[in-house]
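Okay, structure first, notes after.
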Amino acid sequence: MNELENQRTIEPGGLSPTAIKQCCAAVYDSDAIKLLLGDSLHPGGTELTERLGRMLNLEPRNRVLDVAAGRGTSALTLATRFGCEVIGLDYSRRNIEAAKRDASERGLSKTVTFYCGDAERLPFADGSFDAIVCECALCTFPNKQSAAAEFARVLRLGGRIGLSDLTRQGSLPPELESLVAWIACVADAQPLAEYAALLASAGLKIMATEEHNDALIDFVNQVRTRLLVTEVMLGLNKVALPGLDIAIVKDFTRTALNAIRAGRLGYAILTAARG
Ligand SMILES: C[S@@+](CC[C@H](N)C(=O)[O-])C[C@H]1O[C@@H](n2cnc3c(N)ncnc32)[C@H](O)[C@@H]1O
């Protein structure tokens, strides 16, 4: 671990970057999040993942990296749909173990492999991928510049990257600036133009952007519907939601929905290429 990085504290709550990554990984590999979100941990689900794959022109001979792959749902979807080889990387060891099990059960262990690691320090050689996808995760990385530089480094010349992520415009209510909000991809979400500038500053050329705000509304509504069951399961100690209070999550979804309707929060896809 880089000691300097670990000592630098950032909002929210004065947590170190490493603590934020650990917290995010612990929430997203919890059983409660599986109940709330299902297997695909981003707005638009596998449908939007396939859209991203089409925008990147994925083909069977491509070697694709899924950064912050969660439980591996997108990696398995891309391999099945486009016939490409996919390597998924996530900070959570539990998510990686679940992803490996799923790949094995579906007979895809040879074409889809998973590693535990940090998006800000990718354990792969320069120019080793034809394409990268990173869904609903860049917004949670404390050092987005490092991650963008790593994306550019591991892409081959002419390689493409597809991001899908939360976007924000202007200021948000204080509830949407908390640790819960950071983990829920909201507090450090950027305007779409900022994501584009981030990738451009890493030497990547922007190809296309698309807004998918409706997918975010559906996603938040789905969470609100599933909150009741999750609350019951939490009450019975059948599942745990580490470090998060379900009442805060409830309030959070209500405020988030208002912010989406007011045009302050959205969801977007952005593709770029290494020129
Ligand atoms: C919202 S989930 C998205 C997962 C997956 N991309 C999907 O859409 O299903 C965010 C994921 O980012 C992972 N993550 C957070 N910080 C990370 C980092 N620095 N490096 C790699 N993965 C990270 C978490 O463990 C979590 O699985």
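Report whether or not Lys110 is basic (Lys, Arg), touching a Phe, Trp or Tyr at 6+ places or on another chain (Cβ under 6 Å) and surrounded by fewer than 24 Cβ atoms within 10 Å (Cβ to Cβ). No; evaluated as a whole, the condition is false for this residue. All of Ala240, Ala215, Ala202, Ala181 fail the test of being over 26 Å from Val86 (Cα atoms), open to solvent by less than 40 Å² (accessible area, probe 1.4 Å) and touching a residue at least 24 places away in the same chain (Cβ under 8 Å), apart from Ala181.
Among the residues of the stretch 184-199, those identified as among the hydrophobic types (A, V, I, L, M, F, W, C), open to solvent by 30 Å² or more (accessible area, probe 1.4 Å) and touching a residue at least 40 places away in the same chain (Cβ under 8 Å) are Ala184, Leu192.
Those residues that are among the hydrophobic types (A, V, I, L, M, F, W, C) and more than 11 Å from the ligand (Cβ to nearest atom), I need them from the stretch 28-43; list them, please. Answer for the stretch 28-43, where residues must be among the hydrophobic types (A, V, I, L, M, F, W, C) and more than 11 Å from the ligand (Cβ to nearest atom): Ala32, Leu35, Leu36.
Got a sec? Which of Leu41, Leu35 is within 15 Å of the chain's Cα centre (by Cα) and within 17 Å of Phe219 (Cβ to Cβ)?
Leu41
Could you tell me which residue of the stretch 257-275 is farthest from Asp130 (Cα to Cα), considering only residues that are buried (at least 19 other Cβ atoms within 10 Å of the Cβ), modelled with pLDDT of 95 or more and among the hydrophobic types (A, V, I, L, M, F, W, C)? Once the filter is applied, the top-ranked residue is Ala268. Of the set (1) open to solvent by less than 40 Å² (accessible area, probe 1.4 Å); (2) over 18 Å from Ala131 (Cα atoms); (3) among the hydrophobic types (A, V, I, L, M, F, W, C), all apply to Met233 but (1).
If the condition is being open to solvent by less than 30 Å² (accessible area, probe 1.4 Å) and either part of a helix (DSSP H, G or I) or in contact with a Ser or Thr (Cβ under 7 Å, 6 or more places away or on another chain) (or both), then the stretch 26-40 contributes Val27, Asp29, Ala32, Ile33, Leu36, Leu37, Ser40. In the stretch 47-72, the residue that is most open to solvent (accessible area, probe 1.4 Å) out of those that are within 15 Å of the ligand (Cβ to nearest atom) and in a helix (DSSP H, G or I) is Glu47.
Considered as a group, the residues in the stretch 80-93 that are in a strand (DSSP E or B) and more than 9 Å from the ligand (Cβ to nearest atom) include one that is surrounded by the most Cβ atoms within 10 Å (Cβ to Cβ), and that residue is Val86.
Quick grid of which residues meet (1) assigned to a helix (DSSP H, G or I); (2) away from the ligand (no atom under 14 Å from the Cβ):
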site	(1), (2)
Asn95	yes, no
Gly107	no, yes
Gly127	no, yes
Ile132	no, no
Ala148	yes, no
Arg153	yes, yes
Gly162	no, no
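The single residue among Ser201, Ser178, Ser164 that is over 21 Å from Ser146 (Cα atoms) and polar (S, T, N, Q) turns out to be Ser178. Just one of the listed residues (Arg168, Arg254, Arg224, Arg160) is open to solvent by 20 Å² or more (accessible area, probe 1.4 Å), farther than 27 Å from Asp130 by Cα and touching a residue at least 40 places away in the same chain (Cβ under 8 Å), and it is Arg168. Only a single item in (1) within 24 Å of Gly117 (Cβ to Cβ); (2) modelled with pLDDT under 85 is not met by Gly13, and it is number (1). Close Cβ contacts (under 7 Å, 6 or more residues apart or on different chains) running from residues in the stretch 113-130 that are within 20 Å of Pro17 (Cα to Cα) to residues that are away from the ligand (no atom under 13 Å from the Cβ) and not in a strand (DSSP E or B) comprise Leu122/Val154.
The values are calculated or read from the model by the stated rules, or taken from the named source; none is laboratory data. Quick caveat: nothing in here was measured; it's all calculated off a predicted structure. Virtual Cβ from ideal backbone geometry, glycine too; neighbours counted across all protein chains shown. Accessible surface areas use protein heavy atoms only, side chains included; no ligands, DNA or RNA. Shrake-Rupley method; radii C 1.70, N 1.55, O 1.52, S 1.80 Å.
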